[in-house]
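Single-structure report; data block below.
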Amino acid sequence: MKHPKKKILFIMGTRPEAIKLIPVVKEFRKRSGEFDARICITAQHREMLDNVFQNFSIKPDFDLDLMRPGQTLAELTAEGLKKLNLVLEAFAPDLIFVQGDTTTAFFGALAGYYRKIKIAHVEAGLRSGDKYSPFPEEVNRILIDHMGDYYFAPTKSAKHNLEKEGIRNDVWVVGNTGIDALALTLDAVRKREKTWFGECFGAVDFSKRIALVTCHRRESFGKPLKNICEALKEIAAEFKDVEIVYPVHLNPNVRGPVTKILKKSANIHLLKPLPYQCFVWLLSKAYIVLTDSGGIQEEAPYLGKPVLVMRDVTERVEGVKLHTTKIVGTNRGRIVRAAEKLLTSEKTREGMAKPATPYGDGRASRRIVCIIRRKLP
Ligand code: UD1
Ligand code: UDP
């Protein structure tokens, strides 16, 4: 007798979760005779998430429409848990997938656990060792990993972190699916000219060196973010031959101070969040990268771009070990000095600009599908 199709629900809420899970969904959908793979978006993010779906020409099956201005983590979690429970009841999946460490990933795993549905965690095992940095992601990912069933660790050190917490079964090192998305997208955009992307880049002069900046972490709100902005202003004033290109996150706690402090600097370009393809193209043109983003710390070494991480700790330790990434914290002077070094010493920059693939080879999604086919026969 023919086996019924296995039902899989992919739960995602923010930009990076969509970027990192859509390649996995696409891989499962190649086997539509075996799997019924559906997507539930929580819409913790709205425009920034919808944009990724447009980029990958794919549509969600369920939309919880959760984003509200200024809502607390508790409100988001409570409302999400209630609404997601209804979807789980209606669709009754055999397996759910969550990715990373967002609030969506946390309540997604919790909703599945309450219904005793198997949970697969993509990007399992990342740890900074500090429960307030990144906040609330460090605790989210610990809790998810202790509720889960199948663990897709991006690197050996992530697997090792799980082992240290007693999670030893059904853990596989597959690489980061974000690199799958990047490899796919690079093929499509690498040879494009600026004009192909329309108005995305405003007045950026690409004949100059590009310093790409992003910043959005909650633990940086307030003084640290102000320090970061002051540092960027100083770098812009010192290096007129450098264009600082900063697609600003839509979070009002970020947009407000960033716009106030940086809007008058002529060589700082504050852009809207970029569609993923535009962002990948921009990254490929960057001379240096300053960021607090997890995903960008993974993508930049793949393209041989030196990264200064504007955080006190990182869970992406592989880049630091390979010297493609340097942690500079949120102290204004430290950020400026590190950027000065990269912008004035070709030798320093070249030392960090070696293409490296510590986070994956672009085949993580295929590995995940092979493993799940064995586990859910
Ligand atoms: C969230 C995740 C973080 C992840 C980041 C990726 C949590 C707690 N945080 O942070 O782990 O690294 O996404 O970007 O899960 N907003 C919009 N439109 C959008 C997106 C956001 O207006 O498309 C505004 C809204 O006012 C929203 C606010 O940004 O309330 C904050 O969004 P939220 O998802 O709570 O947190 P992020 O800081 O984006
Ligand atoms: N990204 C994007 N547009 C932007 C900035 C980032 O598409 O304007 C992509 C980037 O390539 C990476 C992901 O968004 O894949 C990172 O998301 P973010 O920094 O918001 O979250 P984190 O990775 O820190 O959780």
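Summary of values
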read-out	value
Whole-Hz ³J(HN,Hα) from phi, Karplus 6.51 cos²θ - 1.76 cosθ + 1.60, for region 305-316, glycine and proline x	9, x, 10, 9, 9, 8, 8, 7, 9, 9, 8, 8
Helical mean residue ellipticity (222 nm; -39500 (n - 2.57) per DSSP H run of 4+; nearest 500) of the chain	-14000 deg cm²/dmol
Distance (nanometres) between label positions extended 7 Å along Cα→Cβ at GLN54 and VAL313	3.8
At R0 = 45 Å, FRET efficiency that the Cβ-Cβ distance of ASP65 and ARG168 yields, to 0.05	0.70
Between region 174-251 and region 8-41, the Cα center-to-center distance that results, in Å	27
Local net charge near PRO306, Cβ-Cβ under 11 Å (Lys/Arg +1, Asp/Glu -1)	+4
Interchain or long-range residues, amide H under 5 Å from ILE39's placed H	PHE10, ASP61, PHE62
Relative contact order for the chain, counting Cα pairs under 8 Å that sit 6 or more residues apart, in percent	15
Rounded if a/c under 1.5, otherwise prolate or oblate - region 232-377, Cα gyration tensor axes	prolate
Carbon/sulfur fraction of accessible area - the chain, other protein chains in place, 1.4 Å, %	52
Cα gyration tensor shape of region 158-239, rounded if a/c is under 1.5, else prolate or oblate by comparing a/b with b/c	oblate
Total formal charge among the other residues, if their Cβ is under 12 angstrom from that of ALA211, Lys/Arg +1 and Asp/Glu -1	+1
Calculated from backbone phi, Karplus (6.51, -1.76, 1.60) coupling profile of region 345-361 in Hz, x at Gly/Pro	10, 4, 5, 4, 5, 4, x, 9, 9, 8, x, 8, 10, x, 9, x, 10
Difference of contour (0.36 nm per residue) and Cα-Cα distance, ASP187 to PHE135	15.3 nm
Equivalent ellipsoid semi-axes - Cα gyration tensor, the chain, angstrom	35, 21, 20
Cα Rg, Dmax (largest Cα-Cα span) when computed across region 56-151, Å	13.5, 38
Relative contact order of region 1-86, defined on C-alpha pairs under 8 angstrom at six or more residues apart (%)	28
Cα→Cβ-extended label distance, 7 Å offset, between HIS323 and ARG115, nm	5.1
Environment charge of LEU376, counting only residues whose C-beta is closer than 13 Å and scoring Lys/Arg +1, Asp/Glu -1	+3
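The values are calculated or read from the model by the stated rules, or taken from the named source; none is laboratory data. Keep in mind it's a predicted model, so treat the numbers as computed, not measured. Don't worry about glycine lacking a Cβ; one is built from the backbone with ideal geometry, like all the others, and counts go over all protein chains shown. For the accessible areas, the whole protein counts, side chains as well, though only heavy atoms, and no ligand, DNA or RNA atoms are used. Shrake-Rupley method; radii C 1.70, N 1.55, O 1.52, S 1.80 Å.
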